[in-house]
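Student: Here it is, the structure in full.
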Amino acid sequence: MVDLKNQYLKIQDQINVGIQEVIDTTAFIKGEKVNEFQHHLENYLNVKHVIPVANGTDALQIALMALGLKPGDEVIIPTFTFIATAEVVALLGLTPVLVDVDFDTFNISIDSLKKAITPKTKAIVPVHLFGQNADMEAILQIAKENNLYVLEDACQSIGSEYTFSDGRQVQSGCMGDIGCTSFFPSKNLGCFGDGGAIFTNNDELAEKMRAIANHGMVVRYYHDFVGVNSRLDSIQAAVLDVKLKYLDKYAVSRQSAAAFYDKAFGGCDKLIIPARSEKSTHVFHQYTLKLVDVDREGLQKHLVDKEIPAMIYYPVPLHLQKAYADTRYQSGDFPVAEKLSGCVLSLPMHTELTKDQLEYITKNVLEFVEK
Ligand SMILES: *Cc1c(COP(=O)(O)O)cnc(C)c1O
């Protein structure tokens with residue numbers, strides 16, 4: 001699905017120098033590299049505060065901890081997403097309230113969101129799935145009317161830009177109160193291990209989240225909050241600082257691969273190509289097709305036989321997962337998410353796809369689908 005080796009080889013010298021610098025200084029934790037990367041990312045995103053943490057799941061958890069919510073408070077989450085989003089809500093004793101998604105964009109459905117708001121709702125967590133921002137203008141409006149926090153899960157969408165109707169262009173994760181991202185190796189900005197970050201323009205929340213990520217400590221050995229230990233290490237920061245310079249270029253590579261797929265599949269009535277939102281750029285964390293009357297398992301097997309990986313993101317929506325299934329939800333509650341889980345298929349998508357590879361993949365997909 002990804003080709004991290006060839007991506008590394010192209011920037012090997014810079015990465016190796018950066019890692020060696022960390023080794024030479026032995027500042028493995030909270031070293032200067034982490035500060036440098038933090039400031040470069042703040043500039044890139046045009047956001048006041050970036051708080052580097054250990055991974056994307058921690059980023060979400062620390063962000064939620066900073067909001068001062070009480071057990072039983074409700075947090076709205078799309079049901080068609082990666083589990084981490086719901087996990088942290090449940091772990092903190094908050095109540096995840098699931099809502100359906102939009103068939104075209106895979107992102108949170110505004111209608112479903114509106115219907116889920118109750119007096120206990122405290123926050124909305126839109127997930128910018130597969131690399132395209134959710135309808136943030138509508139979400140922020142709803143949040144304002146109902147006095148809710150907006151916590152963006154930008155783990156798949158770093159570098160994607162959203163355009164508001166007044167023309168303002170804002171980076172993914174920098175529109176709501178807090179944004180979270182992951183630097184897991186296969187993410188659009190990936191390191192060589194685990195990593196994550198939190199974004200905010202709110203000084204107070206930034207200070208609190210920085211403290212929570214560091215054992216709730218503001219002044220050394222004085223703990224003002226219940227915290228956690230969640231740090232981005234210096235070696236990961238050194239890798240990310242090099243790769244950040246290429247992030248826009250990487251997005252262009254992904255977009256070109258997506259355009260190739262679109263052109264090949266656009267004319268086939270058994271395949272629905274990913275819809276583009278008018279308001280958001282798409283950085284293609286995934287290229288996800290919807291299959292129409294196609295034997296998905298058969299297609300997947302056909303591709304695997306040709307050494308082409310193809311994955312189902314995500315096969316089971318959150319409301320039907322064992323850990324989250326409760327009396328509130330049953331099969332049929334979120335028909336769009338359930339339909340998507342039954343028909344999506346993601347193809348290889350990364351920065352190193354060659355024309356030959358794309359031709360080989362599209363030829364083999366079409367061969368099976370049109371037979
Ligand atoms: C990857 C991902 C996460 C979690 O990030 P980790 O760094 O793996 O903890 C959370 N939400 C979404 C949507 C993701 O894709």
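Student: Give the number of residues within segment 193-225 that are in contact with a Ser or Thr (Cβ under 9 Å, 6 or more places away or on another chain), in a loop (DSSP other than H, G, I, E, B) and not acidic (Asp, Glu).
Tutor: 2
Student: Sticking with this one: Please verify whether segment 244-265 includes one or more residues that are within 25 Å of ILE108 (Cα to Cα), aliphatic (A, V, I, L, M) and over 19 Å from the mean Cα position of the chain (by Cα).
Tutor: Checked against the condition, which is being within 25 Å of ILE108 (Cα to Cα), aliphatic (A, V, I, L, M) and over 19 Å from the mean Cα position of the chain (by Cα), segment 244-265 yields at least one hit.
Student: Taking the stated definitions as given, is ASP269 open to solvent by 20 Å² or more (accessible area, probe 1.4 Å), in contact (Cβ under 8 Å) with a residue 60 or more places away in the chain and not in a strand (DSSP E or B)?
Tutor: Here the answer is no, as ASP269 does not meet what is asked.
Student: Here's something else I'd like to know. Test PHE28 against the criterion of being buried (at least 24 other Cβ atoms within 10 Å of the Cβ) and aromatic (Phe, Trp, Tyr), and give yes or no.
Tutor: Against the criterion (buried (at least 24 other Cβ atoms within 10 Å of the Cβ) and aromatic (Phe, Trp, Tyr)), PHE28 does not qualify.
Student: In segment 284-310, what residues are within 20 Å of the chain's Cα centre (by Cα) and assigned to a loop (DSSP other than H, G, I, E, B)?
Tutor: PHE284, HIS285, GLN286, ALA310 - these are the residues of segment 284-310 that are within 20 Å of the chain's Cα centre (by Cα) and assigned to a loop (DSSP other than H, G, I, E, B).
Student: Another question about this same structure. Mind listing just one residue for me: the one in segment 136-170 that is open to solvent by 20 Å² or more (accessible area, probe 1.4 Å) and assigned to a strand (DSSP E or B) and, of those, nearest to PRO126 (Cα to Cα)?
Tutor: Residue satisfying both the conditions and the ranking: TYR149.
Student: Could I ask something else about it? How many of the residues making up segment 51-87 are in a helix (DSSP H, G or I) and either within 14 Å of the chain's Cα centre (by Cα) or near the ligand (Cβ under 10 Å from one of its atoms) (or both)?
Tutor: Result for segment 51-87: 10.
Student: Here's another thing I want to ask about it. If you check SER157, SER186, which single one turns out to be over 15 Å from LYS279 (Cα atoms), within 16 Å of the ligand (Cβ to nearest atom) and in contact with a His (Cβ under 9 Å, 6 or more places away or on another chain)?
Tutor: Just a single option satisfies the conditions, and that option is SER186.
Student: Next question, about the same structure. Any residue in segment 105-115 that is over 25 Å from VAL170 (Cβ atoms), modelled with pLDDT of 95 or more, within 15 Å of the ligand (Cβ to nearest atom) and assigned by TED's automatic domain parsing to the domain that holds LYS187?
Tutor: Within segment 105-115, not a single residue is over 25 Å from VAL170 (Cβ atoms), modelled with pLDDT of 95 or more, within 15 Å of the ligand (Cβ to nearest atom) and assigned by TED's automatic domain parsing to the domain that holds LYS187.
Student: Now for a different question. Could you say whether any residue in segment 218-237 is in contact with a Leu (Cβ under 6 Å, 6 or more places away or on another chain) and of a type in the set (A, V, I, L, M)?
Tutor: The answer is no; no qualifying residue exists.
Student: Is there any pair linking a residue in segment 229-251 that is of a type in the set (Ser, Thr, Tyr) to one that is assigned to a helix (DSSP H, G or I), with Cβ under 7 Å and at least six apart or on different chains, and which?
Tutor: Pairs that qualify, where the first residue is of a type in the set (Ser, Thr, Tyr) and the partner is assigned to a helix (DSSP H, G or I), are SER230/ASP58; SER230/ILE62; SER234/VAL22; SER234/LYS33; SER234/VAL34.
Student: With the structure loaded, tell me whether LEU98 is touching a helix residue (DSSP H, G or I) at 6+ places or on another chain (Cβ under 6 Å), outside any strand (DSSP E or B) and of a type outside the set (Phe, Trp, Tyr) or whether it fails that test.
Tutor: Answer is no for this residue.
Student: Taking the residues in segment 171-184 that are of a type outside the set (D, E, K, R) and in a loop (DSSP other than H, G, I, E, B) as candidates, determine which candidate is surrounded by the fewest Cβ atoms within 10 Å (Cβ to Cβ).
Tutor: In this case the residue turns out to be PHE184.
Student: Scan LEU60, LEU67, LEU91 and give me the residue that is farther than 29 Å from PHE192 by Cα and assigned by TED's automatic domain parsing to the domain that holds ALA206.
Tutor: The conditions single out LEU67.
The values are calculated or read from the model by the stated rules, or taken from the named source; none is laboratory data. Here the structure is a predicted model, which means the values were calculated and not measured. Here the Cβ is made from the backbone with ideal geometry for all residues, glycine too, and neighbour counts use every protein chain on show. Note: accessible area is taken over every heavy atom of the protein model, side chains too, but ligands, DNA and RNA are not part of it. Shrake-Rupley method; radii C 1.70, N 1.55, O 1.52, S 1.80 Å.
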